[in-house]
Structures are given as structure tokens and as C-alpha cells.
Amino acid sequence: MSDDPVFSALSESLIALDEQRVLDLTQQALDAGAEPIAVINDGLTPGMDEVGKRFESGDYFLPELLIAADVFKSAVAIVKPHLTEAVATKGTVVLGTVEGDIHDIGKNIVALALETSGYEVIDLGIDVPVARFAEEQLARGAHIVGASAMITSTLPALRRVVEDVKTRSPGAKVLIGGAPVTPALVAEYGSDAYAGDAIEAVRVVDKLLQ
Ligand code: B12
């Protein structure tokens, strides 16, 4: 958890599912001049990670997970206007969560970070059929395809997305990410890169397009 007291209070109130306190602390951190993306990465995300751990250990159940996800999204809505969207000049990224998977908080943050740093993002949403990634990439002439998988059981779909894009459009770069995704899967699936969080995603996309 963060050393910054406001960020650790933010994580703790998310873990406690105290919506009002999360929203107040989010506003407070922004008013105090915190970097907007840091509020998400260092304040909200560690809290969400802990909620996930409690779910895994059986201390929290699905309703708690759902509440935490809602609170997280409401807090991101407060942060969003503080992220100045840059003019999209750097390239186009097609982004989505793979078939069978409905997690989108992390993908949405990757989208926000890319947009803020000058990319046009075509967000395909959640539970995206394998073929749609390549179809949209080809239709839009996108430079990058980003695919998110959050559960182990959707890793095979992630692999198929990489294979499909690489077969139909060998010039496109494919970036993979999500909780069960590791850098080792880049070579195994034949993708171009992995990023562990939204800030790294921007760095990696910048590098892929150099
Ligand atoms: C919130 C949450 C939910 C919410 C999702 C709400 C939403 N709109 O997204 C709800 C309650 C709906 C949910 C449902 C389920 N969940 Co869930 N969920 C989580 C939880 C707690 C947090 C995920 C999250 O949002 N984290 C915060 C964000 C900011 O982080 P992030 O997602 O990791 O994203 C960052 C990076 O991964 C990366 N990234 C993500 N995507 C991409 C894409 C690209 C291209 C790149 C480069 C980077 C990148 O950058 C992001 C930003 O920094 C995780 C636990 C965890 N630690 O991951 C479990 C977790 C993912 N869920 C899990 C499970 C099991 C489920 C369910 C199957 C539960 C059930 N029995 O029904 C269902 C799945 C239904 C389905 N078919 O998808 C398991 C998966 C276990 C596994 N290994 O397979 C986890 C790990 C919990 C656990 N420890 O058991 N879940």
C-alpha cells in the first residue's frame, strides 16, 4: 500500500466498501494537487487488489466484489475530467476484453491513459468475440490491438485473438495484459508486448510505434 496517507486511506476505504469516503478522499487528493493517474494507480488499485485477495480467500463474496467495482468506477468518474485528453495524433489502438470475460475496469484505465497521451482508442468493450479484434483493426487501419484477459479461463481466447490478428494483419502490433497475463506469454502466444499497468501500456505502445 502507498506511503502517502491519503492514498492509503483511499485504499482502505475501498476495502471497507465505504463509497462516500472513497469519493470524498478522491476529491480531496485531487484538490491537494495529486497526479490524477496516481489517484487511480496508487490509491484505488491497491484497494481493489486487496478486495480480490479477500474474495479469493473466501472473506468477501461476489456482492462485495460488485460493490467495490461500482465504487471504483464512481471514483474514476471524478478523476476523469482532471485527465486532460490530448489531441489524438500518435496512432490508433483497438482495445477490448476477450470473449468470456466481463472485467473492464483495468482495460478502461488503459484506454484513459492512452487517450490522455495522444492515441485514438477504439474501445470494443467486454466479452468481445475473437474475430472482432482483427476486423476492427483492419477496418480502422489501427496500428495496435490491445487485448485484456482477467481470468485464467479466458487466456485461450486471448491467444486466439493474437493468432487471428497476426494471421490476418501481420503488420499490426498486439499488446496483451490483465491479471493472469505474464511477460512469458508474449513469446508463447506470438504477441508483440505485455504491459502490467496503464502507465507501462503507454510506454510500451510509444515504443512499438517508434
Ligand atoms: C472487480 C472484479 C470483478 C468485477 C468486475 C467489474 C468490472 N466491470 O470490471 C465483477 C464482480 C463483475 C467480477 C466478476 C468475476 N470475477 Co473478478 N475480479 C475483480 C477484481 C477484484 C479486481 C479487478 C480490477 O478491476 N482490478 C483493478 C484494475 C485497475 O486492475 P486490473 O484489472 O488488473 O488492470 C490493470 C492491469 O491488469 C493492466 N491491464 C488490464 N487489462 C489490460 C489490457 C492491456 C492491453 C494492457 C496492456 C494492460 C491491461 O492494466 C490495468 C490498469 O493498471 C479481481 C482481482 C484482481 N486482483 O485482479 C477479480 C478476479 C479477476 N475475478 C475473478 C473471478 C473468478 C471472477 C468471476 C469468475 C467470479 C464468479 N464466480 O462469477 C467473475 C467473472 C465473470 C466473467 N465471465 O468475466 C478472479 C480470477 C481468478 C483467475 N485467475 O481466473 C480474480 C483474480 C479474483 C480472485 N483472486 O479470485 N470480478
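The values are calculated or read from the model by the stated rules, or taken from the named source; none is laboratory data. Note that the coordinates shown come from a computational prediction; the quantities given were computed from them, not determined experimentally. Backbone-built Cβ (ideal geometry, glycine too); neighbour counts: all protein chains shown.
Quick one: residue 40 ticks every box in (1) assigned by TED's automatic domain parsing to the domain that holds residue 19; (2) surrounded by fewer than 20 Cβ atoms within 10 Å (Cβ to Cβ) except a single one, so which number is it?
Unmet condition: (2).
Taking the condition modelled with pLDDT under 95 and away from the ligand (no atom under 13 Å from the Cβ), does residue 190 pass?
It is false that residue 190 is modelled with pLDDT under 95 and away from the ligand (no atom under 13 Å from the Cβ).
Specify which of the listed residues (99, 115, 135) is within 11 Å of the ligand (Cβ to nearest atom), surrounded by fewer than 22 Cβ atoms within 10 Å (Cβ to Cβ) and either on the phi < 0 side of the Ramachandran plot or in the same structural domain as residue 44 (by TED's automatic domain parsing) (or both).
When all the criteria are applied, what remains is 99.
Quick one: would you say residue 130 is touching a helix residue (DSSP H, G or I) at 6+ places or on another chain (Cβ under 9 Å), outside the structural domain of residue 75 (by TED's automatic domain parsing) and at pLDDT 95 or above?
So residue 130 fits the description; yes.
Scan the range 73-93 for residues that are assigned to a strand (DSSP E or B) and either surrounded by fewer than 17 Cβ atoms within 10 Å (Cβ to Cβ) or more than 10 Å from the ligand (Cβ to nearest atom) (or both) and report the count.
2
Filter the range 45-72 for residues that are more than 7 Å from the ligand (Cβ to nearest atom) and surrounded by 15 or more Cβ atoms within 10 Å (Cβ to Cβ); which is nearest to the chain's Cα centre (by Cα)?
Ranking the candidates gives 46 first.
Would you call residue 70 within 29 Å of residue 10 (Cα to Cα), of a type in the set (Asp, Glu) and outside any helix (DSSP H, G or I)?
No: the conditions fail for residue 70.
Quick one: which helices (runs of 4 or more DSSP H) lie wholly within the range 113-210 and hold at least 2 residues that are of a type in the set (D, E, K, R)?
Correct list: 130-140, 155-168, 198-208.
Any idea which of (1) assigned to a helix (DSSP H, G or I); (2) within 16 Å of the ligand (Cβ to nearest atom); (3) modelled with pLDDT of 95 or more is the one residue 42 doesn't satisfy?
Unmet condition: (3).
Going by what's in this entry, would residue 169 be described as farther than 23 Å from residue 40 by Cβ, of a type in the set (S, T, N, Q) and buried (at least 22 other Cβ atoms within 10 Å of the Cβ)?
So residue 169 does not fit the description; no.
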